[in-house]
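The values are calculated or read from the model by the stated rules, or taken from the named source; none is laboratory data. Treat the numbers as computed from the prediction; the structure is a model and nothing was measured. Note that each Cβ is placed from the backbone with ideal geometry, even for glycine, and that neighbours are counted across all protein chains shown. Calculation scope for accessible area: heavy atoms of the full protein, side chains included, ligands and nucleic acids excluded. Shrake-Rupley method; radii C 1.70, N 1.55, O 1.52, S 1.80 Å.
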Amino acid sequence: MGLTRLSRYLLREVLLAWLAVTVVLFVVLLTNRLVQFMADAASGDIPAEVIFTLLGLKATANLGVVLPGSFFLGVVLALGRLYRDSEMTAMAGCGIGPWPIYRGILAVALPLALLVGALTLTLGPAAERQADRVVANAEQTVQFRGLQPGRFLGLGGDTTVYVATITEEGRMNQVFAERQTADGREIWVATAGRRAVDEVAPGEFLVLSDGHRYRGEPGQSDWQLLAYDEYGVRLSEPDPIEPGVGLDARPLGEVLDAADPRARAELAQRLSYPLMVFVLALGALPLARTGPRSGRYGRVVIAVLIFMIYFNLLIAVSDWAVRSAIPVWAGVGGVHLVALAVVLAGLSVRLGIRWRGWAPQ
């Protein structure tokens, strides 16, 4: 972009403020998630060792939504500091208009928009899908951990298992399993057993070794006997391991190929976040204009309210467009156009910019 010394100075100020705000918001986000996951682990829904894995995946999935807001707040803070210290007044006195200032802001906004686009379009949904798989697998792992030697435990909804002993590696010795099926009652007796996921076939299995299977109805004489070296008893279909993927977790290709309005709304929302970076970057300059005696964080509160209104309007209009006959792209695009019009009006009123010729009044 051929940055001047002034633009590099503004770039440094904006970058430092944005990083500071991002760290604070990220810590708040991680703390809320950590409390939720710790509560799930304490109630026995998930094992404790997957907490930080889920924390990282959920943080990646939500990072694309956090970055536009943190960048907006960071720019408002950085420019507000320059206004309070009269540095912006000195720049104006030297004939420096808005464009050199925006060059420093856009030097951060452009790569940030590319990063946000990568997160919201591909990386975030992939992290969301992996988090769903980790949660589903962890819930089943917790279910198996309830299996104790010398006690009967129901697994997979209709299977009852009994083991004599369990080693530290999770190997089960002297296993008994039973369940009622459409073909009759099935009973397995095995020397050893173990849990397996997507190993025998898609889904969760209790893999038994060196035993017999009995199938029939109590009181009847036509029982079937089968001896086996290894036998996989399915405990769940693939769905619990590969849970139903929501629209926010679907790959970009599936969202592009889908023709229903919800998929178009999801795509419009994913594309909205990179666009928000540029719209908010333009709106930060007129919003940050303050007097030398103004409070340090007065404009930050207004910036937070503006971002929340902008963000919630996008969500609300997307949902409304799905339920009505209004095209999704028209509704979402209208929100961005309204936001851009408000920004341009703010530039005209607060900075006195005439758009013909971009000259200060």
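A DSSP coil position with no more than 10 other Cβ atoms inside 10 Å describes the following trypsin sites (Lys or Arg not before Pro) in region 261-293: ARG293. These residues, ILE302, ILE46, go from largest to smallest accessible area, 1.4 Å probe, as ILE302, ILE46.
Given the convex hull over the Cα atoms of region 39-85, what projected area results after averaging over all orientations, in nm²? Each step should come with its number before you reach the end.
Values: hull surface 19.3 nm².
Averaging across all directions leaves 4.8 nm² for the Cα convex hull.
For region 3-143, carbon and sulfur atoms together expose 68% of the accessible surface, with a 1.4 angstrom probe and every protein chain in place.
Heavy-atom accessible surface of ILE326, to the nearest 10 Å², is about 60 Å², with a 1.4 Å probe and all protein chains retained.
Of GLU128, GLU254, the order by accessible heavy-atom surface (1.4 Å probe, DNA, RNA and ligands excluded), from most exposed downward, is GLU254, GLU128.
Taking all protein chains together and rolling a 1.4 Å probe, ILE315 ends up with roughly 50 Å² accessible.
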